[in-house]
Amino acid sequence: AQSVTQLDSHVSVSEGTPVLLRCNYSSSYSPSLFWYVQHPNKGLQLLLKYTSAATLVKGINGFEAEFKKSETSFHLTKPSAHMSDAAEYFCVVSDLSGGYQKVTFGIGTKLQVIP
Amino acid sequence: DTEVTQTPKHLVMGMTNKKSLKCEQHMGHRAMYWYKQKAKKPPELMFVYSYEKLSINESVPSRFSPECPNSSLLNLHLHALQPEDSALYLCASSRLAALRGTGELFFGEGSRLTVL
C-alpha cells in the first residue's frame, strides 16, 4: 500500500526567503511523485513531477524538488518566496495497483507568505 | 489545448433536485476522474473512467451517478443529495489510461456545490 506524509500542515515564510515543504512517501514499487498547488477556490495545478528520470526536478514558478530514495522523501523548495506563492500544496504519489493507476494525496501544506 | 473545463462553476440545489455536473477535455486523454474536496482537505477519489468504461467506484453513494458519453466528456448526475455532500467537485484527466503507467492528472477548476 502506498502513502504520503506531508510533515507540516502550515508553513509561514517571509517574502524573499526560502521555502521548504516536506513530503515523505511509501510505495511498494517505483512510484511517480508530483507536487500540485491549489489557490483558493481553484483547481489543482501541476508544479512538477518525478517519473524515474533525474532526481532533481525543476518545475514552474521557480520551484524544484529532489527525489531521495534512501530517505523516501520528495521535498519541495524555492529559493525566494513571492506573495503569489501563498496557496495550498499537495504532494501526490502515483503507482500501479491492481492494474490501475492509484493516486494518493497528502493532506496538504498551507503556505503563508508574509510581506 | 491543455485544459479541463468544468460547468457550472457554482451550483446550489435542494435535496429533492436533480442536477448534473459536466466536464470536458480535448487533450485526447483516455482516463477521466471525479474527485470530491471538502474544505481544508485533499481531494478524495470518487470515480475513474478508463476508455469510457467505469474502472473504479470508491464506494460512492448511488445518489451520485457518473456517465462518460464519449472520450472527451464526463458527467456527474446528482439526485437527492444531502447537505453534507456540499463540496468542491473536481474533474481530472490523464493521458495514460491506467494499465500503461502513472501519468500526471490535469484538473479542472471545479464545481462548487451547495446542497440546501
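None of the figures in this text is laboratory data; all of them are computed from the coordinates on show. Quick caveat, the model's predicted, so the values are computed rather than measured. Cβ placement follows ideal geometry from the backbone for every residue including glycine, while neighbour counts extend to all protein chains displayed.
In loop segments of the range A:64-115 as defined by DSSP, the trypsin sites (Lys or Arg not before Pro) with at most 16 further C-beta atoms inside 10 Å of their C-beta are A:K69. When B:E44, B:E24 are arranged by Cβ crowding within 10 Å, least crowded first, meaning fewest neighbours, the order is B:E44, B:E24. Legend: ranking of residues B:V4, A:V19 from fewest to most surrounding C-beta atoms inside 10 Å; resulting order A:V19, B:V4. I'd like the isolated cysteines in the protein assembly as shown, meaning no second cysteine's beta-carbon lies under 4.7 angstrom from theirs. Lone cysteines by the Cβ rule: B:C68. Checked against a 24 Å cut-off, the cross-linked pairs A:K68/B:K36; B:K19/B:K53; A:K42/B:K53; A:K58/B:K41; B:K9/B:K41; A:K102/B:K36 give Cα-Cα distances beyond that limit for A:K68/B:K36; A:K42/B:K53; A:K58/B:K41.
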